[in-house]
1. Only one of these is modelled with pLDDT under 90 and within 25 Å of the chain's Cα centre (by Cα): Asn111, Asn118. Name it.
2. Are there any pairs, at least 6 apart or on different chains, whose C-beta atoms fall under 9 Å, with the first in the range 41-57 and farther than 19 Å from Gly114 by Cα and at pLDDT below 85 and the second among the hydrophobic types (A, V, I, L, M, F, W, C) and part of a helix (DSSP H, G or I), and if so, which?
Amino acid sequence: MDKFMFARKNNIKQKGATAILLSVLVLSSLLVIGLGYPTLVIIQLKMSRNIKESVQAFYAADAGAEFCLYQIKRTTGEGCSGGGTITGSLPTNGAVYSAESRRVADEWIINSLGEYGNTSRKIFISWEE
């Protein structure tokens, strides 16, 4: 009888230890998930900000290239029309652009750089006359 009681008490103790071990594993998993999720959210927020800055920088570069092209087509001899450089900023967001043009034989080349925040984008245009 004593052996049966000892085995029963030991079996109850093992069930309690298994439950504690299982709960520790479950709680550890939940902790890892709980700490990992905010990290993913922060990374996504940073990527969203970078995309926004990239779009603004691209629009600034596009505006610089368009203004340079406009001056070339007007042929006033100022800025890009004489193979020079122009700089400016967009009034809506403060993004800046710098565009330069040059003519090589019958080909015009425009390089325009737009910058917004920590991001810069470049547009290259070429055509023959």
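The values are calculated or read from the model by the stated rules, or taken from the named source; none is laboratory data. Everything numeric in this text was worked out from a predicted model, so none of it was measured. So basically every Cβ, Gly included, is an ideal-geometry build from the backbone, and we count neighbours across all protein chains shown.
1. Numbers: Asn111 fails: modelled with pLDDT under 90.
Answer to the selection: Asn118.
2. Filtered contacts from the range 41-57: no entries.
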